[in-house]
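Heads up, the thing below is written out as structure tokens.
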Protein chains: 2
Amino acid sequence: MVSRVVFGRGSFSQLEDIIAPKRLSVSAPFIFLVDAVFEKKATLSGRIPLAYDDKVIFISADEEPKTSQVDALVEEIILTCKQRPSGIIGIGGGTIMDMAKAVAIMITNEGESKDYQGWDLVKNPAIYHVGIPTISGTGAEVSRTTILTGPVRKLGINSDYTPFDQVILDPELTKGVPKDQWFYTGMDCYVHCIESLNGTYLNAFSQSYGEKALELCKEIFLDDTLDEKESADKLMMASWHGGMSIAYSQVGVAHAMSYGLGYLLGVKHGVGNCIVFEHLEEYYPEGVAMYKKMRAKHNITIPQGICTNLTDEQFNIMIDVALSLEPLWENAIGKNWQKVMTREKLRALYSKM
Amino acid sequence: MVSRVVFGRGSFSQLEDIIAPKRLSVSAPFIFLVDAVFEKKATLSGRIPLAYDDKVIFISADEEPKTSQVDALVEEIILTCKQRPSGIIGIGGGTIMDMAKAVAIMITNEGESKDYQGWDLVKNPAIYHVGIPTISGTGAEVSRTTILTGPVRKLGINSDYTPFDQVILDPELTKGVPKDQWFYTGMDCYVHCIESLNGTYLNAFSQSYGEKALELCKEIFLDDTLDEKESADKLMMASWHGGMSIAYSQVGVAHAMSYGLGYLLGVKHGVGNCIVFEHLEEYYPEGVAMYKKMRAKHNITIPQGICTNLTDEQFNIMIDVALSLEPLWENAIGKNWQKVMTREKLRALYSKM
């Protein structure tokens, strides 16, 4: 779990005080990995507390994070820093959160990041790393994974060393997120709740977090009782609780299929979840019905026909990626999932998207 | 925050695997501080994984934990161990949780534990410490405090080093708790929620945890929908969420007054909260009404007349202890609390108990 967290509007200003005691020496910089959308927005980038050899690296979140990107960043950091960095600070959405966690791990672990995709393969503790989300819903700020697209799979580095040492939850930073993106990413949280609460891995721990996150999602996306700030504050907490819920259970059908779309077509995770979830009435009837109400209420368009012109080979790649995620299927369907979720069934589902 | 947590019936069996990698050497023992009620119950004490010089110290929870008790334990541990211990494992209720946290801190910090009662006074990181609650409600398993009765005050050692490094939440361990104790301790959680949710320090973080804990309390103490196991599982989570809620806000009137009773009369915290809460309609009208329903439903008797024969001097001691807890009053009543909560008002309230 995350060791330390601060919450509150304006809490980003505490960053300087929080990281100062963690500086190992004047030659051991902090590396700030920041979403490229902030490159020309001094409202945030001008507030990053730089000292000595600290550096800011802007990263585009237009594509899902890749293992090759992590390895290149780690190499750049090692080559250009006089000493091992004091820490990695990620400021952005799920892509940046996952990059920051992966880079912090790979600075102290040999080889390539693809070698660590899986469960509990990391040998050495990561360097100090801080997560500061600027969009809410992914749960990446609280999870013990970092989802990366590697040469053979889209899979996280799941380990006890993955979670951030420190998280700063400042809902002010989410102001200005485009509406579509707000919805897609918020639905990532909503889908986490539905998949966790309807999974066979459910326990009282995950249930209590999942129920609270779901309740917050309903309030945010269906009721009209919250003002803009309250809604942003609550969505940040929904993301947190939803992330905690799946950390102690598992995701399900939507995530498995969304990873297939992401791997083959580079579809971003949030919108990918929505594209898939539209067609999962059979598995999550109530969850899909409520999702459709939310989508209609906010007048959001979901891309359609993205699989229309795919070849058999391409379908097979997506199906392979999705089926390789065994824990997700077992959680969603049970131990006999392989009898239920055949390749034909998956092909039929993907064909509708 | 707690860095690592496992949850589940039977998860106590994982203790050996969890602590093994944390053993510093064969001469650096683990010290198990265990509630004395388990001394003759092999169902638990027989399952404690002892090796090398590890030792079990049984501690009575009949009285609230004292700074003098912490100091004596630390001295005993230092004098009898060949090396600094590998870790402290607390197995019991709030008293044992708080003792374990305080001992882990005092092994690496000079002086007496009374010197650290307050906020952020601890200088050095504590040694590795694990919390395993055997009764639910206190939130001590998740909090950054350890409430101790010292020579001049009843106050916690609040610090970033206080929280456990590891918590094991195994609801099986709460089986066999006497009904009164179950209720009093459960009400500690309930009161945490009411005080947090009605406080001026409330924010979206605390609110989301407090609301979930309160919802679980209602389900457990008022509805008739849960079987014994579900109820125990959910109360363990309610305790956790209630503890998180106050960690990011504050408690209020009931806790301030209960500390007064505890300091002067040694009243245990759980029942002390109940004794006080009976008379707080003015501050928490809905909360007190619901509490009374719960108490009636479970046919619980709350001690009465405990202040009947107190002297003026004794009342003044309780009032001094209660009023010294400024953050609690400010949270409960607001910045002008001193105008509202006069000594006379407090005397009148205590006189009813």
Margin query: In the stretch B:233-257, what residues drop by 20 Å² or more of accessible area when the other protein chains are put back, versus the chain on its own? Use 1.4 Å, and skip ligands and nucleic acids.
Written below: B:Lys234, B:Met237, B:Trp240, B:His241, B:Tyr248
Check: Amide H to amide H, which residues 5 or more places from B:Lys66 or on other chains are under 5 Å from it, using H placed in the peptide plane?
Finding: B:Thr149
Item checked: Sequence-distant residues sharing a close amide H with B:Leu169 (under 5 Å, placed H) -> B:Val6, B:Phe7, B:Gly8
Note to self: Treating the point 7 Å from Cα along Cα-beta-carbon as the label, what are the nm separations from A:Lys40 to the other copies, to one decimal?
What the structure shows: 7.9
Next item on the list: Could you tell me which GluC sites (Glu not before Pro) in the stretch A:234-330 are loop residues by DSSP with no more than 11 other beta carbons within 10 angstrom of their beta carbon?
Entry: A:Glu282
Next item on the list: Evaluate the distance, in nm, between pseudo-label points positioned 7 Å from the Cα of A:Trp119 and of B:Glu75 along their respective Cα→Cβ axes.
Entry: 4.9
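Against the 2.2 N^0.38 Å scaling, with N counting residues, where does the stretch B:179-351 land? I'd like the Cα-based Rg ratio to two decimal places. Write out the running numbers ahead of the final one.
Numbers: Rg = 15.8 Å, N = 173, 2.2 N^0.38 = 15.6 Å.
Dividing the Cα Rg of the stretch B:179-351 by 2.2 N^0.38 Å gives 1.01.
Enter the accessible area per residue of the stretch A:179-351 (Å², integer; probe 1.4 Å; all protein chains in place).
Values: 6760 Å² over 173 residues.
The answer is 39 Å² per residue.
Taking a temperature of 10 °C and a viscosity of 1.306 mPa s, what whole-number D in µm²/s does Stokes-Einstein yield for chain A with Rh from Kirkwood over alpha carbon pairs? Before the final figure, lay out the partial values.
On the way: Rh = 20.4 Å.
Result for D is 78 µm²/s.
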Margin query: List residues of the stretch A:248-268, by number, whose backbone nitrogen lies under 16 Å from a label position 7 Å along Cα→C-beta of A:Glu313.
Written below: A:264-265
Next item on the list: Work out which residues of the stretch A:5-44 lose at minimum 20 square angstrom of accessible surface when the other protein chains are put back, relative to the chain isolated, with a 1.4 angstrom probe, and list them by number.
Entry: A:Val5, A:Phe7
Margin query: Could you work out the relative contact order of chain B? I mean the mean sequence separation of Cα pairs under 8 Å and 6+ apart, divided by the number of residues, in percent.
Written below: 16
Checklist line | Carbon and sulfur %, accessible surface of the stretch A:207-307 computed with the full protein complex present, 1.4 Å | finding: 48
Check: Expressed as a rounded percentage, what relative contact order does the stretch A:191-283 have, with Cα pairs under 8 Å and six or more residues apart?
Finding: 34
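For the stretch A:40-149, which GluC sites (Glu not before Pro) are both in a DSSP coil and crowded by at most 16 other Cβ atoms within 10 Å?
On the way: sites: A:Glu63, A:Glu75, A:Glu76, A:Glu110, A:Glu112, A:Glu141; in loops: A:Glu63, A:Glu110, A:Glu112, A:Glu141.
Hits after loop and neighbour filter: A:Glu63, A:Glu110, A:Glu112.
Which is the longest run of chain A containing none of the trypsin sites (Lys or Arg not before Pro) found in DSSP loop states (not H, G, I, E, B) with at most 10 other C-beta atoms within 10 Å?
Details: sites that count: A:Lys40, A:Lys335.
By the stated rule (loop sites, at most 10 other Cβ atoms within 10 Å), A:41-334.
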Next item on the list: Calculate the tail of P(r) for the protein assembly as shown: the fraction of all Cα-Cα distances greater than 49 Å, expressed in %.
Entry: 16
Margin query: Output wanted: per-residue J couplings in Hz (rounded whole) for the stretch B:137-149, from phi through Karplus 6.51 cos²θ - 1.76 cosθ + 1.60, θ = phi - 60°, x for Gly and Pro.
Written below: x, 5, x, 5, 5, 10, 7, 9, 9, 8, 6, 10, 8
Check: Considering amide H positions built from the backbone, and no H for Pro or chain starts, which residues 5 or more places from A:Asp120, or on another chain, come under 5 Å of its amide H?
Finding: A:Asn158, A:Ser159
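Averaging sequence separations of C-alpha pairs under 8 Å and six or more residues apart, then dividing by the length of the stretch A:37-121, give the relative contact order as a whole percent.
Numbers: 48 pairs, mean separation 24.6, N = 85.
Value for the stretch A:37-121: 29 percent.
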Next item on the list: Output ³J(HN,Hα) for the stretch A:184-189: one whole-Hz value per residue in order, computed from phi by the Karplus curve 6.51 cos²θ - 1.76 cosθ + 1.60 with θ = phi - 60°, and x for Gly and Pro.
Entry: 4, 6, x, 5, 4, 5
Check: Quick one: with all protein chains in place, what share of the accessible area of the stretch B:19-61 is carbon or sulfur, to the nearest percent (1.4 Å probe)?
Finding: 58
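Show me you know the interface measure: the accessible area buried between B and A, both chains summed, probe 1.4 Å, in Å² to the nearest 100.
Numbers: alone 15050 and 15090 Å², together 27900 Å².
In total, this chain pair buries about 2200 Å².
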Notebook entry, point to check: Pick from B:Ile275, B:Ile18, B:Ile96: which residue has the top mean-square fluctuation in a GNM of chain B where Cα pairs under 10 Å get a spring?
Noted result: B:Ile18
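The values are calculated or read from the model by the stated rules, or taken from the named source; none is laboratory data. If you're wondering where the values come from, they're calculated on a predicted model, not measured in any experiment. We place every Cβ from the backbone using ideal geometry, glycine too, and count neighbours over all the protein chains shown. Protein only, heavy atoms only, side chains kept; ligands, DNA and RNA dropped before computing areas. Shrake-Rupley method; radii C 1.70, N 1.55, O 1.52, S 1.80 Å.
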